[in-house]
Amino acid sequence: MIKNLSVIVTFLSFHFLGMHQAYSQKASSGFYIVIETKIGCTNLVPGLNRATYCLPKEPVITSAEFETISDLKFDVSKQMKFFNLKLSAEGFKILKTLAGKLPDSRMALVIENTVAGIFESKGMIVNQTVPIRGAIDSQEIDWIHQKIKKQKP
């Protein structure tokens, strides 16, 4: 059975978007595998939730693999808003391989050197469209949507 990959943004406050840490490298936008230990980490990247994440130097799926981005949509019954990020065929192939070979890994969606959301695959098979969702009043979802849209010509 195919399930959707979903990045859920459940962070505290929008004002943390400007937070940057001097000891992190500039992380390119894309999906990264989260390195679970921070001991000796050379690439700590701040998240919207004030946490820091240890990430490799390069994303496994770059923003060049972001094929299309839908408009923002609202699900009033669930008090959620979301948009769909469609990966290219190559991006989907990488994602599917990672979900199969590293079923317990977590992936971070990084936008402008900030971890915008975390995905736990749990080994599920995913499809090419990634819903990015959060609370209906989430300013973070608006920010993520705007930044991803801006990156696409």
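Only the coordinates and a few stated rules stand behind these numbers; no lab work does. Predicted, not measured: the structure shown is a model, and the values here were computed from it. Here Cβ is always computed from backbone atoms with ideal geometry, including for glycine, and neighbour counts include all displayed protein chains.
Details
- Lys-Lys pairs in segment 51-104 that are eight or more residues apart or on separate chains and whose Cα atoms lie under 29 Å of each other come to 15.
- Backbone HN-Hα couplings from phi across segment 80-85 [Karplus 6.51/-1.76/1.60, Hz, Gly and Pro as x]: 10, 10, 7, 9, 9, 10
- Karplus-based coupling profile of segment 87-103, in residue order and whole Hz: 8, 5, 4, 5, x, 5, 4, 4, 4, 5, 5, 4, 4, x, 8, 10, x, with θ = phi - 60° in 6.51 cos²θ - 1.76 cosθ + 1.60 and x standing for Gly or Pro.
- Amide H contacts under 5 Å for Gly117, placed H, 5+ residues apart: Leu109
- Compactness of segment 20-153, taken as the C-alpha radius of gyration over 2.2 N^0.38 Å, stands at 1.03.
- Estimated vicinal HN-Hα couplings, Hz - segment 138-146 in sequence order (Karplus 6.51, -1.76, 1.60; Gly, Pro = x): 6, 6, 4, 4, 4, 5, 4, 4, 4
- Chain lengthening between Ser70 and Ala135 when straightened (0.36 nm per residue, less Cα-Cα): 21.7 nm
- Distant-in-sequence amide contacts of Glu112, defined by a placed amide H-H separation under 5 Å and a gap of 5 or more residues or a different chain, comprise Ser29.
- Of the trypsin sites (Lys or Arg not before Pro) found in segment 82-153, those that fall in a DSSP loop while having at most 12 other beta-carbon atoms within 10 Å are Lys122.
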